[in-house]
Amino acid sequence: MARIFPRWIAAACRTGLSTFDSGYSRKQFEDDVVNECEKDIRSCFEAGAAHVVMDFTEGRLAPRNDPRNPWTTRNLLPFFIELDNRVLDRFSPEERENIGVHVCPGGDVDSVHSADVPYEELLKHLFKLNAGYFQLQMASERDRETAYKLVGKNLREDAKGLPQMAYIGCIVTQSPRPESAQEVCDQLVAAANFIDKQRLGSTDDCGFSPFSIDKKPNHGSPDYARDVAFQKIANRVAGTKMAAEKLGVH
């Protein structure tokens, strides 16, 4: 699996929407953004990736309306969805089955940037993306049940030719405590009360160490954090198998 970081789409748009040279139109700017993102995804597949995940951490930050980030007051989330769909719609349903979107409130340096934003503000828009699957931060969510309900309500059975999958986060990456396999199992079984069990899977809330300079203060050191990450991943795999057996799915 390859993860690409088209957050530069959001970054470019929020700085460039109103700042164009006379010879460079907004339309050309958007076309270039879409073309380059498509190129990134196709290059991952050509290099042998079975799945490509688009990192959309800007999604939950967009509705925050933070005066320190004036672009967040401009209601750009629907525009980001539209722009990303221009990329996704260049791929067939068979290709999009292997193209996913990751969302979380941030996770670098054991911190978050938008966990205080109501998840509904993102989830009511997110599944309008014509992606095949979504990797969703959930384990660290304060109100998991409400978030599960929102996913079940908005996950689409037909996203331009394919059903969408939801991979819910069962691992808190900012915490050095390894979750047990039973905890993972319990989260998935609870989620299955609201999300079709045939379209449900597990993932981690965020990347374990997204940046090379990440100091991981909660863990003590990047080396210790790496050991913890492997423990957490192993327990997630075991817990997912337990949940699948309990729910009767493969």
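Couple of notes before you dig in:
- Residues in segment 30-75 that are modelled with pLDDT of 85 or more and over 23 Å from VAL101 (Cα atoms): none.
- Residues in segment 137-163 that are touching a Pro at 6+ places or on another chain (Cβ under 7 Å) and surrounded by 19 or more Cβ atoms within 10 Å (Cβ to Cβ) were compared, and the one that is nearest to ARG199 (Cα to Cα) is LEU162.
- Scanning segment 191-206 for residues that are part of a loop (DSSP other than H, G, I, E, B) and aliphatic (A, V, I, L, M) turns up ALA192, ILE195.
- Of the residues screened, THR19 is not one that is modelled with pLDDT under 85 and touching a Leu at 6+ places or on another chain (Cβ under 8 Å).
- The number of residues in segment 44-70 that are more than 21 Å from the chain's Cα centre (by Cα) and among the hydrophobic types (A, V, I, L, M, F, W, C) comes to 1.
- Test: residue in segment 139-150 that is within 13 Å of the chain's Cα centre (by Cα) and under 22 Å from GLN182 (Cβ atoms): no
- Set LEU155, LEU188, LEU247: member being touching a Gly at 6+ places or on another chain (Cβ under 9 Å), touching a residue at least 12 places away in the same chain (Cβ under 8 Å) and more than 17 Å from ASP108 (Cα to Cα): LEU188
- Residue within segment 147-168 that is in a helix (DSSP H, G or I), closer than 30 Å to PRO217 by Cα and among the β-branched types (Val, Ile, Thr) present: no
- Single residue of GLN182, GLN198, GLN231 found to be surrounded by fewer than 20 Cβ atoms within 10 Å (Cβ to Cβ), over 25 Å from VAL53 (Cα atoms) and not aromatic (Phe, Trp, Tyr): GLN182
- Figure legend. Inter-residue proximity from segment 198-218: first residues within 16 Å of ALA234 (Cα to Cα) and of a type in the set (Gly, Ala, Ser), second residues part of a loop (DSSP other than H, G, I, E, B) and at pLDDT below 80, beta-carbon distance below 7 Å, spacing 6+ or different chains. Indicated pairs: GLY207/GLY107.
- Any chance PHE208 is in contact with a helix residue (DSSP H, G or I) (Cβ under 7 Å, 6 or more places away or on another chain), aromatic (Phe, Trp, Tyr) and over 12 Å from VAL109 (Cα atoms): no
- Which numbered condition TYR167 fails, given (1) buried (at least 22 other Cβ atoms within 10 Å of the Cβ); (2) within 15 Å of the chain's Cα centre (by Cα): (1)
- Counting only helices (runs of 4 or more DSSP H) that sit completely within segment 36-136, those holding 2 or more residues that are surrounded by 17 or more Cβ atoms within 10 Å (Cβ to Cβ) correspond to 58-61, 77-88, 120-126.
- Only one entry in GLN164, GLN174, GLN182 is closer than 30 Å to VAL109 by Cα and at pLDDT 95 or above, namely GLN182.
The values are calculated or read from the model by the stated rules, or taken from the named source; none is laboratory data. Keep in mind the model is a prediction, meaning the values are calculated, not measured. Don't worry about glycine lacking a Cβ; one is built from the backbone with ideal geometry, like all the others, and counts go over all protein chains shown.
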